[in-house]
1. Which residues, counting only those in region 110-127, are buried (at least 24 other Cβ atoms within 10 Å of the Cβ) and over 20 Å from P83 (Cβ atoms)?
2. Looking at this structure, is E42 part of a helix (DSSP H, G or I) and more than 25 Å from G315 (Cβ to Cβ)?
3. Name the one entry in K238, K248 that is in contact (Cβ under 8 Å) with a residue 40 or more places away in the chain, of a type in the set (K, R), in a helix (DSSP H, G or I) and closer than 21 Å to G107 by Cα.
4. For the condition among the charged types (D, E, K, R), over 25 Å from L100 (Cα atoms) and out of contact with any helix residue (DSSP H, G or I) (no Cβ under 9 Å at 6 or more places or on another chain), what is the one hit in E224, E267, E241, E298?
5. Among the residues of region 164-175, are any within 27 Å of Y287 (Cα to Cα) and of a type in the set (D, E, K, R)?
6. May I ask you to list pairs of residues, at least six apart or on different chains, whose Cβ atoms are under 8 Å apart, with the first in region 137-154 being of a type in the set (D, E) and the second being buried (at least 16 other Cβ atoms within 10 Å of the Cβ) and in a loop (DSSP other than H, G, I, E, B)?
7. Using the structure shown, decide if V283 is surrounded by 14 or more Cβ atoms within 10 Å (Cβ to Cβ) and at pLDDT 95 or above.
Amino acid sequence: MNFYKKTIFIVSALIILASFAGCAPKGTANTPKATTTVAKVENPKVINISYVKAPLNVPSIIEKKKQLFENEFSKDNINIKYPEITEGSKMTEALASGSLDFCNAIGATSVILAGANGVDIKIIGIYSRAPKAFTIMVKDPAIKTIADLKGKKVVGPKGTILHQLLLGALAKDNLKASDVQFSNMAIPASVSALLAGKVDAALVAGPSVANAQKNGARILTTGEGILDATIVIAASGKFLEKYPDIAKRYLAVHEKSLQFMKDNGDETYQITADETKLTLDQVKGMYGLYDFSPEITEKDISELTKTQDFLKQNGMLTKTVDIKSLLANLK
């Protein structure tokens with residue numbers, strides 16, 4: 001009898017427990033409801049964008065003069081600053097230190113060198129391609145071809161698109177870098193040396209080309225058929241990781257400047273002439289040499305690879321970087 005009562009008691013207890021379990025919502029087993037919180041990232045107080053006018057950086061000029069970045073970001077209380085850093089190496093140094101966020105126009109050579117040396121830098125678009133705007137200039141009428149430069153003195157900025165043009169032009173005529181006497185010199189000084197007869201050829205780009213022509217120099221060759229003279233838009237990798245939406249809006253503003261240039265040709269020429277101190281005719285003559293399409297194409301990637309090869313072959317780069325790893329993915 002005692003056994004029978006114990007059995008009844010146990011069965012009753014199990015029924016009661018089962019009934020309580022059935023009252024719990026399915027899938028929860030009476031566990032506390034999980035909650036998730038997303039940390040809100042505050043906008044930066046300042047965005048630092050490099051400002052370079054030459055050779056003919058029309059989008060940058062329009063963006064600044066028309067305050068396109070200010071119009072986009074002022075509603076978020078973000079200030080825009082335009083440090084005028086004209087040397088690529090100085091730009092990448094500023095980017096690495098955190099004092100610059102966007103390199104609005106920087107040579108691919110500088111970006112590759114920085115990336116290969118550990119700087120957290122990413123390419124977010126192409127700024128321009130202008131092979132015809134980069135030249136090798138001479139004054140001596142006896143120099144008619146690149147082959148005639150053998151043994152001659154050539155000056156220009158080392159490790160730049162212009163330097164790459166020289167070596168590419170030499171290679172095209174089956175000459176080596178050692179076949180000319182090359183010296184590192186800034187463009188204005190190079191033009192002065194050429195006009196004074198101290199050197200035989202100078203590497204020249206931008207407004208300096210027209211100025212040199214006025215004083216008796218002439219173009220021996222341009223970059224056409226040798227390189228695309230790719231200038232890129234680059235940004236701090238840390239900045240992109242922290243503020244991806246800011247970077248997308250930045251590119252949208254850049255697109256607005258390109259649209260303004262298409263829709264307002266005469267005003268664009270005038271603004272550019274006023275800012276660069278060039279004549280309207282000079283601006284119009286140079287403007288047609290530039291392709292400002294920002295999309296990064298497979299051809300652009302190929303050109304970037306060629307640029308890296310140039311840097312390595314000429315002892316300016318000891319280790320290489322995967323070019324595609326330098327391209328930001330903002331989608």
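The values are calculated or read from the model by the stated rules, or taken from the named source; none is laboratory data. All values reported here derive from a predicted model rather than from experimental measurement. Backbone-built Cβ (ideal geometry, glycine too); neighbour counts: all protein chains shown.
1. Scanning region 110-127 gives a single hit, I112.
2. no
3. Result: K238 is the single residue among K238, K248 that is in contact (Cβ under 8 Å) with a residue 40 or more places away in the chain, of a type in the set (K, R), in a helix (DSSP H, G or I) and closer than 21 Å to G107 by Cα.
4. Going through E224, E267, E241, E298 in turn, just one is among the charged types (D, E, K, R), over 25 Å from L100 (Cα atoms) and out of contact with any helix residue (DSSP H, G or I) (no Cβ under 9 Å at 6 or more places or on another chain): E298.
5. no
6. D140/D200
7. no
Quick grid of which residues meet (1) more than 22 Å from the chain's Cα centre (by Cα); (2) outside any helix (DSSP H, G or I):
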{"site": "Y127", "(1), (2)": "no, yes"}
{"site": "D148", "(1), (2)": "yes, no"}
{"site": "H163", "(1), (2)": "no, no"}
{"site": "A171", "(1), (2)": "yes, no"}
{"site": "L175", "(1), (2)": "yes, yes"}
{"site": "S178", "(1), (2)": "yes, no"}
{"site": "K198", "(1), (2)": "yes, yes"}
{"site": "L220", "(1), (2)": "yes, yes"}
